[in-house]
Amino acid sequence: MAVDYAVIVVYLAGMLAMGWWGMRRAKSKSEFLVAGRRLGPWMYSGTMAAIVLGGASTIGGVGLGYQYGLSGAWMVFTIGLGLLALSIFFSARIARLKVYTVSEMLDLRYGGRAGLISGVVMWAYTLMLAVTSTIAYATIFDVLFDINRTVAIILGGAIVVAYSTLGGMWSITLTDMVQFVVKTIGVLLLLLPIAVIKAGGFSEMKAKLPTEYFDPLGIGGETIFTYVLIYTFGMLIGQDIWQRVFTARTDRTARWGGTVAGTYCLVYALAGAVIGTAAKVMYPKLPSADSAFATIVKDELPVGVRGLVLAAALAAVMSTSSGALIACATVANNDIWSKLRGVVSRGRGDEHDEVKGNRVFILIMGVAVIVIAIALNNVVEALTVAYNLLVGGLLVPILGGLLWRRGTAAGALSAVAVGGVAVIGLMATYGILANEPVYYGLLASLAVYVIVSLATKPTDAAVLIAWRERLAGKGADSDETAPESVTV
């Protein structure tokens, strides 16, 4: 394992070095939070693919393939569909707004009264997303170094917190590009063909497994529908995803770069399912489907290649973890603390160092994420709560604001409150993992949004005019210094 260890150590050292390099570049709020809005199409595509394809997509995607066969690709496939929908239909408008958070968009659209409550919901979502990604370090480091869960979480979490705190989005962008390359080589070019060959090829796989393993709908129609509702729609509104859209140099970059990333996700989804199916042939009686990835890597890959593939899994987890962490810190500072601070310090005239403030919040949120990850055991339940709150509370007011002129601030606030409360109450009634909470919560949010919006005074014409100007890319105040564009 010495060669494998060396590969991993070099990879981790490289992540920290890029954090240090990013610190030298991130001199303004725009540079620190959205990489100066200067990413070209290839860098944008790579970083977007990296953030959406995390540990759940890699380790979990292989596990679903082990359990259900090719239809296990549906979870990651719906993530790709969501990214494609966001990129084709909404990303250009989102990029032109020149904001930093989803809540800022809601404030612009509804006249400055929807941001705080939506910020709290979005903060809870990004916090739990960062926690679940951080927990995944335990699985990978256990395979690598045979260390206990707490130490693994602290080690992996500390590295992500370090490079994210140092350079913000610049560091995360650079590390994500490396992680994208490592994942592509490790999972698609190495693990996929090796797994199929070791399993005896597709003909042998079909001979040894039940026919339902090759049924594209074998996982079940209701499960697929739930994946679409949670993951496809979740991709449309998550702060972690929008913050990457904000990094695009142009709206064309956001549209076409995101389309390339979404297409890559579809390929990655199928690859994970095939690897899991091959693992089922080789190890038909594993105690847990989620152990399929680690087992096939540990037992079937040659020295050096094994280290690279484990680095790919680590890259998948780190990219999602760092993206969720900076999103969580951005929302906490810009949507929650800045509003409270504005009330407390109004009229005092004190200067505020934006980069330092955001850096401090990343550090604070990072420590909180590590502590919660150590204390929390059920990853699936935490992730389900996060996505249920996101979709049930924020999907309707966000898409309503983008698509329906008649939507009002009162309707948006009511939709967030009713949808969020309904989801929480229904999870308590039906169970956290039930499908009903997000179904009924979303319907309640939609009904309240439409009814209250129609029953209240339309949004002020001046607000809508300002909104349309921002959608057209006009009138945005920014601190961007805009030197050379990053076009790769």
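The values are calculated or read from the model by the stated rules, or taken from the named source; none is laboratory data. All values derive from a computational prediction rather than experimental measurement. Methodologically, a virtual Cβ is constructed for each residue, glycine included, from the backbone with ideal geometry; neighbour enumeration extends over all protein chains shown. Quick note on the areas: whole protein, heavy atoms, side chains included, nothing else; ligands and nucleic acids left out. Shrake-Rupley method; radii C 1.70, N 1.55, O 1.52, S 1.80 Å.
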For this session: For residues that are touching a Leu at 6+ places or on another chain (Cβ under 8 Å) and without any contact (Cβ under 8 Å) to a residue 40 or more places away in the chain, scanning just segment 126-175, find the one that is nearest to residue 13 (Cα to Cα).
Result: 141
For this session: For segment 224-242, indicate whether the set of residues that are touching an Asp or Glu at 6+ places or on another chain (Cβ under 7 Å) and in a loop (DSSP other than H, G, I, E, B) is non-empty.
Result: no
For this session: Check segment 228-243 and report whether any residue there is over 16 Å from the mean Cα position of the chain (by Cα) and touching a residue at least 24 places away in the same chain (Cβ under 8 Å).
Result: no
Exercise. So is residue 45 more than 13 Å from residue 318 (Cα to Cα), among the hydroxyl-bearing types (Ser, Thr, Tyr) and touching a Lys or Arg at 6+ places or on another chain (Cβ under 8 Å) or not?
Worked result: no
Exercise. In segment 76-107, how many residues are in a helix (DSSP H, G or I), open to solvent by 20 Å² or more (accessible area, probe 1.4 Å) and either of a type in the set (S, T, N, Q) or touching a Gly at 6+ places or on another chain (Cβ under 9 Å) (or both)?
Worked result: 7
Exercise. Hey, does segment 178-194 have a residue that's modelled with pLDDT under 90, farther than 29 Å from residue 67 by Cα and buried (at least 17 other Cβ atoms within 10 Å of the Cβ)?
Worked result: yes
Exercise. If we scan segment 244-252, do we find a residue that is closer than 30 Å to residue 306 by Cα, assigned to a helix (DSSP H, G or I), open to solvent by 50 Å² or more (accessible area, probe 1.4 Å) and touching a residue at least 60 places away in the same chain (Cβ under 8 Å)?
Worked result: no
For this session: Scan segment 36-47 and give yes if some residue there is farther than 15 Å from residue 173 by Cβ and open to solvent by 20 Å² or more (accessible area, probe 1.4 Å), otherwise no.
Result: no
Exercise. Between residues in segment 26-54 that are aromatic (Phe, Trp, Tyr) and residues that are outside any helix (DSSP H, G or I), which pairs lie under 7 Å by C-beta distance while being six or more apart or on different chains?
Worked result: 32/26; 42/488; 44/247; 44/248
Exercise. Based on what the data block shows, is residue 462 of a type outside the set (Val, Ile, Thr), touching a Gly at 6+ places or on another chain (Cβ under 7 Å) and part of a helix (DSSP H, G or I)?
Worked result: no
For this session: Only one of these is assigned to a helix (DSSP H, G or I) and either among the polar types (S, T, N, Q) or surrounded by 19 or more Cβ atoms within 10 Å (Cβ to Cβ) (or both): 207, 261. Name it.
Result: 261
For this session: Among the residues of segment 6-50, write down those that are assigned to a loop (DSSP other than H, G, I, E, B) and closer than 22 Å to residue 355 by Cα.
Result: 26, 27, 28, 38
Exercise. Could you list, in sequence order, the residues of segment 108-152 that are open to solvent by 30 Å² or more (accessible area, probe 1.4 Å) and at pLDDT below 80?
Worked result: 112, 113, 116, 139, 142, 145, 146, 147
